[in-house]
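**Q** Below is the structure I would like to discuss, written out as structure tokens.
The values are calculated or read from the model by the stated rules, or taken from the named source; none is laboratory data. The structure presented is a predicted model; accordingly, all values stated were derived computationally and were not measured. Heads up, the Cβs are rebuilt from the backbone with ideal geometry, glycines too, and the neighbour counts pull from every protein chain shown. Accessible surface areas use protein heavy atoms only, side chains included; no ligands, DNA or RNA. Shrake-Rupley method; radii C 1.70, N 1.55, O 1.52, S 1.80 Å.
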Protein chains: 2
Amino acid sequence: MSDSIITRLDASQSDFNQRLDQLLAWESVSDTRVASVVDDILHQVKTRGDAAVVEFTNKFDRRTAQSISDFVVTPAQLQHALTQISAEQRAALEVAAERIRNYHQHQLQRSWRYTEADGTVLGQQISAMERVGLYVPGGKASYPSSVLMNAIPAKVAGVDELTMVVPAPDGEISPMVLAAAAIAGVDRVITIGGAQAVAALAYGTETIAKVDKIVGPGNIYVATAKRAVFGQVAIDMIAGPSEILVVCDGLTDPDWIAMDLFSQAEHDEQAQSILLCPDADYLDKVEESIRRLLPSLARESIASVSLKNRGALIKVADMEQAIVVSNRIAPEHLELSVADPEALLPKVRHAGAIFMGRFTPEALGDYCAGPNHVLPTSGTARFSSPLGVYDFQKRSSIIMCSAAGASVLSKTASVLARSEYLEAHARSAEYRIID
Amino acid sequence: MSDSIITRLDASQSDFNQRLDQLLAWESVSDTRVASVVDDILHQVKTRGDAAVVEFTNKFDRRTAQSISDFVVTPAQLQHALTQISAEQRAALEVAAERIRNYHQHQLQRSWRYTEADGTVLGQQISAMERVGLYVPGGKASYPSSVLMNAIPAKVAGVDELTMVVPAPDGEISPMVLAAAAIAGVDRVITIGGAQAVAALAYGTETIAKVDKIVGPGNIYVATAKRAVFGQVAIDMIAGPSEILVVCDGLTDPDWIAMDLFSQAEHDEQAQSILLCPDADYLDKVEESIRRLLPSLARESIASVSLKNRGALIKVADMEQAIVVSNRIAPEHLELSVADPEALLPKVRHAGAIFMGRFTPEALGDYCAGPNHVLPTSGTARFSSPLGVYDFQKRSSIIMCSAAGASVLSKTASVLARSEYLEAHARSAEYRIID
């Protein structure tokens, strides 16, 4: 139907799986022109360092810097940003930061070891990365909440030096973003962006130290640059469009559910909002709420395209089937708007974040509940996790054999090494045999 | 010196850092011809499924299969392999598997949650991936120990279905590799390899289920294919050449240290073996041991090239400096062949695995100490960890707000959402405000 506001499907339809696949289909565009522009920028920054960063930044962001130091935000400027926002905004950032910090402290992994009967010690030493780079987009996509969500886990992990890069086109930058950086404990802010900022972080320059990992979202140039430097440094996931899957028993106020779907759809035209419910009448009610409320949205033009092209209201046979469909989708955000979400939870196999009960809209998780809002998209929740403290820690295996333990282990190692035709391995082990 | 058997350096030399960088320099070769061959294979398998896998396998491995089922190793064949190896080999595999399993069980991460004063519940649900593919190279690089090291963590994590692919050129396959698969609990073995096997696992075919993650080493075609399907599925690290860094106080038998260096150098000509010691006389003694023992090695031709081109004996001022140099290298394997390795451990910041004391040669860790032998190479220990159970688990955030909790959080979320011009987010939260 060309005038439909949102697709309606029924999971009992014979072609349901095929239609669902069509709805979910999304491929990131790889653009050879972008790749070639990015390759040149990476090469220039790698070979010419600061000078290239200054040139590209002056050109792309219409700046007039003489040197990198002109782009560095001083600690005083960061603190000043806290006075440029409203008291209400500052309090909200501080409450959110505090809750995010508390939650993420539960993720901190600690070194462990155990000692065997013969005195041999085994374990893992867990430590923080030394230097991390955080990319923050400029302009309207410059979200203070993303600064908190990316920076706080790194600082909880114990990263020594967290450098944030954020482009300031025409020298303009959001005080909310700088305030969030100050509250999150970012160590250094530099107003550069694009592939040149990624290159500076990945390779290092005269004034910018090479980092171990780069996190944070960005446009196609930033994503392409991150993919190119992957291996040289660690990167986080390359995110696809954001999605929400709401599973409802038909007893939540339909306006609430409509607004929860909008909160995803308003992000961009590629965003995806899907509702599963066993009650067809309820789906009608939500569709009615959508029709009534959509015109009242500030971002109606974006949300309406997202809902029409990528949204769906889907009738399922029962909650059992809802969870089967949910596991098939492996959604970024899963909202269980039902009376007893705990009963469904053990059956949920793949989801980035699970919002349980009628009082847990995704928006709370996006800002201040505590858990991270950087989540696996496009079905990658099958094998990926929310951004967390663990993403900024790494492990070293610990092996300390006693003389007695080594003697026993060496015999086993020798047999296996010789089976693999690695004789020096065998002989290295055999030196440690005592008897 | 053209006749030097191994490079000698002194950390006090003014150009030491530069010479060390030259020694460490290693770049993976990306080959456009390989990339184009791989792209074609991926496309064929993606579009034609089993038929393409059978064609490529018959061609590259000189097989004469009619269908995929001809490549499937039956459970009876797997069990039969256990009788084809010697009793000593079988016992060694079983001892190693048992120790690897015990160690990795310490890595299992469990779901956690906490409840706030107002009844809001936060946490993470941790679960295993459903399906994992394990690539095992064919021929001489077909190491049974790698089967154990890759398969056991996946099974400890609770992966439902672990499919191992291993090429069998001319239909030949190592009984030790099949025996290791049987002992490790691999669910299904298919004798296919190359980019076609990676494609079958990443995209799925009529008979091979699409997996969530692909792990295991392979040649340039396999590595290129893994990089290409990254994002579609998860992959493990693309490994560089193996390296060892030995830090010795000069009191370990020099023959032992020479053999420990050989155990790395015999892997391949790109492997890297470096020794740091504050005692120049001791370095002379180790060099003498190298000269004397090298000709006795079965793989002398490989080890001698590796030592000459990439090895080094380095004089340091003291143990303090040794650890500074070690952290700069961020070695895959770090052997602390000293009297009191515990005193050095807290200063070690970056290393894949740390082998402590004179009785802990790397070879023990390669086979049977328990920790994993799949480790970050080429300095990536700065941001990567040993392969582990955590690589086969993923997390879902849990958020369940009480009505009271939601009401408080919604006010904060509303302020932040409106600061980001995301009005539907704000309104979705505001519906949950009670007072």
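**Q** Taking the Cβ of A:Ala322 as the center, what net charge do the other residues with Cβ under 14 Å away carry, scoring Lys and Arg +1 and Asp and Glu -1?
**A** Local charge sum for A:Ala322: -3.
**Q** From the residues A:Ala91, A:Thr74, A:Ser407, which one has its Cα farthest along the dipole of chain A in the positive direction, the dipole being from +1 and -1 charges on Cβ of Lys/Arg and Asp/Glu about the Cα centre?
**A** A:Ser407
**Q** While we're on this one: Roughly how big is the B-A contact, given as buried accessible area in Å² (both sides, 1.4 Å probe, nearest 100)?
**A** Chains B and A together bury approximately 10500 Å².
**Q** In this model, which of A:Lys46/B:Lys226; A:Lys140/B:Lys226; A:Lys46/A:Lys394 are farther than 30 Å apart at the alpha-carbon?
**A** A:Lys140/B:Lys226
**Q** If I compute solvent accessible area with a 1.4 Å probe over the protein chains, what percent of it on the protein assembly as shown is carbon and sulfur?
**A** 51 percent
**Q** Continuing with this model, one more query. If you take each beta carbon of peptide A:233-241 and count the beta carbons of other chains within 10 angstrom, what is the mean?
**A** For peptide A:233-241, the averaged partner shielding equals 1.
**Q** Compare B:Pro75, B:Pro361, B:Pro278 in a GNM of chain B, Cα atoms joined below 10 Å, and give the one with the largest fluctuation.
**A** B:Pro75
**Q** Let me ask something additional. Take every residue in peptide B:297-303, count the Cβ atoms of other chains within 10 Å of its Cβ, and give the average of those counts.
**A** For this peptide, the per-residue mean of nearby foreign Cβ atoms is 3.
**Q** Another question, then. Beta carbons within 10 angstrom, averaged per residue: use that to sort the peptides B:149-156, A:140-147, B:229-236, highest first.
**A** Result, highest mean Cβ count within 10 Å first: B:149-156, A:140-147, B:229-236.
**Q** GNM, chain A, Cα, under 10 Å: largest mean-square fluctuation among A:Ala424, A:Ala317, A:Ala406?
**A** Answer for the Gaussian network model of chain A: A:Ala424.
**Q** Oh, and also: Hey, how many Å between the Cα centroid of segment B:338-364 and the Cα centroid of segment A:227-241?
**A** The two parts, judged by their Cα centres, are 32 Å apart.
**Q** Next question. Summarise the partner chain shielding of A:330-341 as one whole number: the mean count of Cβ atoms from other chains within 10 Å of each residue's Cβ.
**A** 1
**Q** Now for a different question. Could you do me a favour and compute the accessible area per residue for the protein assembly as shown, 1.4 Å probe, result in Å²?
**A** Computed with neighbouring chains in place, this is 37 Å² per residue.
**Q** While we're looking at this one, here's another question. As a check on your grasp of the helix formula, calculate [θ] at 222 nm for chain A: sum -39500 (n - 2.57) over DSSP H runs of n ≥ 4, divide by the residue count, round to the nearest 500.
**A** -13500 deg cm²/dmol
**Q** Can you list the distances in nanometres, one decimal and ascending, from the A:Arg292 label point to the identical position in each other copy, with the point 7 Å along Cα to Cβ?
**A** A:Arg292 label point versus its equivalents elsewhere: 9.3 nm.
**Q** Can you spot the aspartates and glutamates whose alpha carbon is less than 18 Å from B:Lys411's alpha carbon? Ignore those fewer than 8 places along the same chain.
**A** In chain and number order, the partners are A:Glu88, A:Glu94, A:Glu98, A:Asp260, A:Glu362, A:Asp366, B:Glu116, B:Asp118, B:Glu420, B:Glu423, B:Glu430, B:Asp435.
**Q** Round to the nearest 10 and report in Å² the accessible area of B:Glu243, as given by a 1.4 Å probe over the protein chains' heavy atoms.
**A** Taking all protein chains as shown, B:Glu243 has close to 20 Å².
**Q** Under 10 Å from the Cβ of B:Thr205, count the other residues' Cβ atoms, weight Lys and Arg +1, Asp and Glu -1, and hand me the total.
**A** +1
**Q** May I pose another question? Explain nothing, just compute: Karplus ³J(HN,Hα) = 6.51 cos²θ - 1.76 cosθ + 1.60, θ = phi - 60°, for every residue of segment A:132-148 in order, whole Hz, x for Gly and Pro.
**A** Per residue, the Karplus-derived 3J(HN,Hα) values read 10, x, 10, 8, 10, x, x, x, 5, 8, 8, 9, x, 4, 5, 4, 4 Hz.
**Q** Which residue, A:Leu276, A:Leu251, A:Leu334, tops the fluctuation ranking in a GNM of chain A built on C-alpha contacts under 10 Å?
**A** Largest GNM mean-square fluctuation: A:Leu251.
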